[in-house]
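Notes to accompany the following structure.
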Amino acid sequence: MVVTICIGSSCHLKGSREIVHTLESLIKEYKIEEQVQLTGSFCMGECVKGVCVKVDDKSYSLTPGNTKEFFMEEVLGGLKDECH
Amino acid sequence: MNFSIDAAYKSLNKIKEELCGDKVELLKTVDSDIMILADGMGSGVKANILATLTSKILGTMFLNGASIDDCIETIAKTLPVCQVRQIAYSTFSILQVSHDGQVYLAEFDNPSCIVIRKGKIFSLPFTERVLENKVIRECRFQAEQNDCFILMSDGVIHAGVGNLLNFGWSWQNVAEYALSAAKETLSASRLANTLIKACDDLYMQLPGDDTTVAILRITQARSIDLFTGPPYNPEDDTRLIHDFIHSQGKKIICGGTSANIASRILKRPLVTSLNYTDPSLPPIAKMEGIDLVTEGVLTLSRALDLIKQYKDGPVDEQFFEELDKDNGGSRVAKYIIEDCSILCLFVGKAMNEAHQNPSLPFNLSIRLHLVDQLKEAVTAIGKEVHIQYY
């Protein structure tokens, strides 16, 4: 699974760095480094919906506040679905 | 001769003095660059006035084509006479480098100019003559690529006298130190800073005299091409990238969307990292054939701040530490300050809709305003700037 976080100007100002850090530590905590690749991208062209995050090809709009929720549902949840 | 001139100077004031008794003037005529260093007798206000008058008179007269003989006569007749010593006195050095590479150097009572050529101290073919009872040393020769000229006041060679060193630093020691320091950097400003730092250390931070170094380096003309902002009309993307990539300089792209455009047209992948070397700036990215790829306005604002700081001077060690940092802003600023004589900007005028969002901490539509400020600051630090809008 590839999780891409927009680090363009607008998303940066809306907190993409904090989201990157939260996701990094959650991935470590749940020991899923092998299954999830975290990567950055310059502007994804959806600044209005920032912070833009993509899980494979699906787009999400995150804030630092709902990052953990997103991780539980989409990242951990997504991995479970992949296993089944 | 295809070269550019990088000149900078730095001074230490004598302990407890608010004004420096040394004065440096950097001037440009139509066909030459001139650097003048004057050291007024005594210290404080009096020395400052003598040195300022001397350097300004020399500069103004030289700029208008007067001969050295006329300049010296004028100085001798106009400098105010010291009540205590009954003489009017200020030493000086004049260095003129013409665009065809001819060098003219004239010195009166200052330590002799250090010239570094091809990693060695170059000894100068001085001749002496007497003008208005002053012995003037002069020489003319042809400059070569990478020559480095160091003018200094006697505070430099006296650094440490009677304290750390019995007889001070001596010309030979300064020259050898400068030789090794000059190998470390191509920047005049950084070299001036290194030399002055060494003097300050020898004085144990209590300078016994006004101390100044003024450096002029001849470097190859180097250009930088910087692309920022998508074109107003997307049909112009290809034309912009074509112009940008076929220009001669090192390549920098500042802007996420801009980098994506370059990646698409050049068919080269853009690799972003998540390595935050500075918490307030987005990380930099990599693309084959492009020397530096960064985010846009935040990075450019940071770079502009550093360039303005450099312009307003004087810069110190902390400044160079900041400039050497591995974040996008520092790296852009370092390229422009130390590795560039001609800056070519390729600027797209598109507005980013999302940047108009009033909830953002500041208005990100400031790109064009930033470009204007960048042009002003970079021109002020003696570089040529060309802007092409799309």
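Overall size of the stretch B:3-220 from C-alpha positions, given as principal axis extents largest first: 48, 43, 27 Å.
Within a Cβ distance under 14 Å of residue B:57, other residues only, what is the Lys/Arg minus Asp/Glu net charge? Provide the component values of the computation, followed by the final result.
Numbers: positive: B:23, B:56, B:77; negative: B:25, B:69, B:70, B:73, B:132.
So the environment of residue B:57 carries a net charge of -2.
With contacts taken as Cα pairs under 8 Å and at least 6 residues apart, the stretch B:3-220 reaches a relative contact order of 27 percent. Mean partner shielding of peptide A:20-31, defined as the number of other chain Cβ atoms within 10 Å of each residue Cβ, is 1.
What number comes out for the charge environment of residue B:335, summing +1 per Lys or Arg and -1 per Asp or Glu over other residues with Cβ under 11 Å away? Could you put the intermediate results ahead of the total?
Details: positive: B:222, B:250, B:251, B:331, B:334; negative: B:225, B:291, B:338, B:339.
Net charge in that neighbourhood comes out at +1.
Charge tally around residue B:309: other residues with Cβ under 12 Å, Lys/Arg +1 each, Asp/Glu -1 each, net -1.
Using +1 at the C-beta of Lys and Arg and -1 at the C-beta of Asp and Glu, which of B:145, B:275, A:41 has the Cα lying farthest in the positive direction of the dipole of the protein assembly as shown? My answer, from the dipole projection, is B:145. Calculated on C-alpha atoms, the gyration radius of chain B divided by its Kirkwood radius gives an Rg/Rh of 1.04. Among the residues of B:115-125, the average count of other protein chain beta-carbon atoms within 10 Å of the residue beta-carbon is 0.
Just to be sure I understand: of the beta bridges DSSP finds with both ends in chain B, what percent are antiparallel, rounded to 5?
Numbers: 57 of 77 bridges.
Of those bridges, close to 75 percent are antiparallel.
Here the spin labels are modelled as points 7 Å beyond Cα on the Cα-Cβ line, and at residue B:118 and residue B:288 they lie 4.0 nm apart.
Here the stretch B:3-220 is assigned +1 on the Cβ of each Lys and Arg and -1 on the Cβ of each Asp and Glu. Its dipole about the Cα centre then comes out at about 220 debye.
Report the extension gain between residue A:25 and residue A:72 in nm, rounded to one decimal, defined as 0.36 nm multiplied by the number of residues separating them, less their alpha carbon distance.
Details: separation 47, 0.36 × 47 = 16.92 nm, distance 1.30 nm.
Result: 15.6 nm gained on full extension.
With the helix formula -39500 (n - 2.57) applied to DSSP H stretches of n ≥ 4, the protein assembly as shown reaches a computed 222 nm mean residue ellipticity of -10500 deg cm²/dmol.
Taking label points 7 Å from Cα along the Cα-to-Cβ direction, residue B:236 and residue B:30 give a separation of 3.5 nm. Taking the charge dipole of the stretch B:223-389 about its Cα centre, with +1 at Lys and Arg Cβ atoms and -1 at Asp and Glu Cβ atoms, the residue from B:379, B:285, B:238 reaching farthest to the positive side is B:238.
For the peptide B:270-277, the mean number of other protein chain Cβ atoms found within 10 angstrom of a residue's Cβ is 5. Computed 3J(HN,Hα) for the stretch B:288-305, one whole-Hz value per residue from the Karplus formula 6.51 cos²θ - 1.76 cosθ + 1.60 where θ = phi - 60°, is 4, x, 10, 6, 7, 10, 9, 5, x, 4, 5, 5, 5, 4, 4, 4, 4, 4, glycine and proline marked x. Taking Cα centre as origin and charging only the Cβ of basic (Lys, Arg, +1) and acidic (Asp, Glu, -1) residues, the dipole magnitude of the stretch B:136-261 rounds to 200 debye. For the protein assembly as shown, DSSP calls about 70 percent of its internal beta bridges antiparallel. Between residue B:165 and residue B:278, the FRET efficiency estimated from the beta carbon spacing at R0 = 56 angstrom works out to 0.85. Stretching residue B:145 away from residue B:60 to a fully extended chain increases their span by 27.8 nm, per 0.36 nm per residue minus the current alpha-carbon distance.
Averaged over every viewing direction, what's the projected area of the C-alpha convex hull for the stretch B:223-389? Give it in nm², one decimal, please.
Details: hull surface 37.8 nm².
That works out to 9.4 nm².
Find which of B:161, B:252, B:94 sits farthest along the positive direction of the dipole of chain B, computed with +1 on the beta-carbon of Lys and Arg, -1 on that of Asp and Glu, about the Cα centre. It is B:252, whose Cα lies furthest towards the positive end.
Under the convention that each Lys and Arg Cβ holds +1 and each Asp and Glu Cβ holds -1, the size of the dipole of chain B around its Cα centre is about 440 debye. With the convex hull of the Cα atoms taken as the outline of the stretch B:260-337, the averaged projected area works out to 5.4 nm².
Quick note: the coordinates plus some simple rules give every number you see, no bench work behind them. Worth saying up front: this structure is predicted, and the values here are computed from it rather than measured. Cβ coordinates were reconstructed from backbone atoms using ideal geometry, including for glycine residues, and neighbour counts include every protein chain displayed.
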